[in-house]
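Note sheet for the following structure.
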Amino acid sequence: MSKVILKNVVKQFGSATAVDNLSIEIQDKEFAVLVGSSGCGKTTALRMIAGLETASSGDIFIDDLRVNDLPPRDRDIAMVFQNYALYPHMNVRENMGFGLRIRKIPEAEIASRVQEAADILGITELLARKPKELSGGQRQRVAVGRAIVRKPKVFLFDEPLSNLDAKLRVAMRAEISKLHRRLGATIIYVTHDQVEAMTMADRIFIMSKGVLQQHGAPMEVYSQPANRFVAGFIGSPAMNFVEASLLAEGGDLFISGNAFRVKAPAAFRPALQAHRGHPVVFGIRPEDIATHDPALPDPGNTLTARAEVVETLGSEIFVHLACGSDTLVARMPVPEQAIDVGQTLPFSLNMTRSHVFDKHSAQTIV
């Protein structure tokens with residue numbers, strides 16, 4: 001397997017820039033996920049690596065070989081598409097071996113590779129079936145098997161699970177992750193689903209409007225987002241954002257919103273001092289909001305809010321809160337005493353896990 005490097009890659013369609021100065025390095029045997037909302041440039045980047053799109057400028061390397069001018073068949077990659085792209089008149093065995101047959105691979109080796117891939121994916125009993133006789137999950141396995149038999153340097157996955165139902169997506173995420181460990185493959189995987197990115201990736205590359213926003217291990221980008229976009233995109237439910245200002249009082253620094261005031265942790269103060277009196281955006285994840293016992297003292301991290309909606313998910317609840325004109329979502333275990341819609345309660349915030357962003361640049365301050 002091989003590493004993939006993109007250096008200052010740009011892709012323009014007329015006056016529109018789909019990928020803007022993208023520089024990434026994906027290591028040998030790494031599972032890298034390009035993630036972002038629709039139109040962010042992630043699929044265009046993948047198609048340039050595959051050779052299905054030509055870069056307007058910049059360099060693309062696979063295993064230290066510049067491949068910009070190589071046709072797709074000479075790049076030694078295998079791609080799994082969103083729509084599976086199986087030939088309807090061929091059975092599974094023929095679909096999986098078709099690419100090898102075009103490359104004049106001996107029939108005995110084709111049979112051996114197809115059988116090996118079928119064993120890995122657990123689809124041996126499907127080899128004689130036509131695509132119309134397969135379920136969505138089975139078709140997806142065949143599409144992956146067709147890539148495996150190629151034994152390429154790099155596997156490219158373009159939103160391969162988006163056509164599956166929620167339960168099957170979970171199962172296939174696990175299957176692809178196990179496949180990566182078994183093959184020791186270099187995989188570049190594109191998705192708009194941040195849950196897929198968090199659960200599957202060794203490293204996540206988050207894109208927006210053609211620009212790479214941040215990359216890192218899943219928990220790194222989750223706990224240390226570079227900016228407000230990353231903070232809001234990674235995590236479900238999304239991080240809560242409230243416009244606020246920073247006020248100094250009695251040696252302490254407070255984050256003051258429309259209808260609340262909480263004390264900034266001591267570790268935050270050096271970074272926040274320069275922003276005193278300036279508008280900022282306060283961010284707190286839903287799981288870092290919990291009900292507060294009014295009999296206990298307030299350490300400076302509580303606010304009072306009204307429950308607008310309570311969503312029960314069995315093991316946990318989502319509570320949609322109104323705090324003045326601001327809205328927040330809390331994610332917490334099911335409490336012993338039910339929270340009623342319309343009830344006003346004190347809630348405590350885990351301030352050490354909160355974030356503050358510059359309102360104008362949207363970059364993370366802490």
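The values are calculated or read from the model by the stated rules, or taken from the named source; none is laboratory data. Because the structure is predicted, anything quoted here is derived from the model rather than measured. For neighbour counting, all protein chains shown are included, and Cβ atoms are generated from backbone atoms with ideal geometry for every residue, glycine included. Keep in mind that these areas ignore ligands, DNA and RNA; they rest on the heavy atoms of the full protein, side chains included. Shrake-Rupley method; radii C 1.70, N 1.55, O 1.52, S 1.80 Å.
The residue list Gly314, Thr364, Leu328 was ranked by how far each Cα lies along the charge dipole of region 242-366 toward its positive end, using unit charges on Cβ atoms, and Thr364 comes out on top.
Projecting the Cα atoms of Ala248, Met200, Ile77 onto the charge dipole of the chain (Cβ charges, centred on the Cα centre) puts Ile77 farthest toward the positive pole.
Against the chain, whose longest principal axis comes from its Cα atoms, helix 136-148 is set at around 60 degrees.
List the aspartates and glutamates whose Cα lies under 19 Å from the Cα of Lys151, skipping any in the same chain that are fewer than 8 positions away. Straight-distance partners of Lys151: Asp28, Glu30, Asp63, Asp64, Asp74, Asp76, Glu94, Glu107, Glu109, Glu116, Asp119, Glu175. Computed over all pairs of different Cα atoms, the Kirkwood value for the hydrodynamic radius of region 1-157 is 16.8 Å.
Summing Cβ point charges (Lys, Arg +1; Asp, Glu -1) relative to the Cα centre of region 142-208 gives a dipole of roughly 420 debye. Working value for region 64-164: equivalent-ellipsoid semi-axes of 22, 17, 11 Å, each the square root of 5 times a Cα gyration tensor eigenvalue, largest first. Once all protein chains are placed together, Val67 keeps about 0 Å² accessible to a 1.4 angstrom probe.
Taking the Cα centre of region 192-311 as reference, the dipole from Cβ charges on Lys and Arg (+1) and Asp and Glu (-1) amounts to some 480 debye.
Positive end of the dipole of region 34-148, charges at C-beta (+1 Lys, Arg; -1 Asp, Glu), about the Cα centre: which of Pro131, Ser112, Val92 has its Cα farthest in that direction? So the residue furthest toward the plus end is Pro131. Pairs exceeding 32 Å between alpha-carbon atoms, taken from Lys132/Lys167; Lys209/Lys263; Lys42/Lys359; Lys29/Lys132: Lys209/Lys263; Lys29/Lys132. In the chain, the longest principal axis of the Cα atoms and the axis of helix 107-121 are about 20 degrees apart. Size of region 217-366: Rg and Dmax of its alpha carbons, in Å, are 15.2, 44.
Using Cβ point charges alone (K and R +1, D and E -1), the dipole size of the chain about the Cα centre works out to roughly 1260 debye.
Backbone phi angles across region 207-224, fed through the Karplus curve with coefficients 6.51, -1.76 and 1.60 (θ = phi - 60°), yield HN-Hα couplings of 10, 8, 6, x, 10, 6, 8, 6, 9, x, 4, x, 6, 5, 6, 5, 8, 10 Hz in residue order; Gly and Pro are listed as x.
Relative to the longest principal axis of the Cα atoms of the chain, the long axis of helix 166-183 makes an angle of roughly 60 degrees. Post the alpha-carbon centroid distance, region 331-358 to region 1-76, in whole angstrom. The distance from the Cα centre of region 331-358 to that of region 1-76 comes to 42 Å.
Stokes-Einstein, applied to the Kirkwood radius of the chain over Cα pairs at a viscosity of 1.567 mPa s and 4 °C, places its translational diffusion at 56 µm² s⁻¹.
What is the distance in Å between the Cα centres of region 278-299 and region 87-103? After rounding, the separation between the Cα centres reads 58 Å. Take each peptide in 161-167, 293-299, count the other Cβ atoms within 10 Å of every residue, and average; sorted highest first, the result is 161-167, 293-299. Please figure out what share of the DSSP beta bridges in the chain is antiparallel and state it in percent, rounded to the nearest 5. Once the DSSP bridges in the chain are tallied, antiparallel ones form about 75 percent. Using 0.36 nm per residue and subtracting the Cα-Cα separation, the extra length available between Asp64 and Glu107 on full extension is 12.3 nm. Local charge sum around Val92 (other residues, Cβ-Cβ under 11 Å, Lys/Arg +1, Asp/Glu -1)? My count for the surroundings of Val92 gives +3.
Ligands, DNA and RNA aside, Thr291 has an accessible area near 60 Å² when probed at 1.4 Å. For Thr44, the shell of other residues with beta-carbons less than 11 Å away shows a net charge of 0, using +1 for Lys and Arg and -1 for Asp and Glu. Taking every Cα-Cα distance in region 254-300 and sorting them into 10 Å bins from zero, the calculated P(r) comes out as 19, 53, 25, 4 percent.
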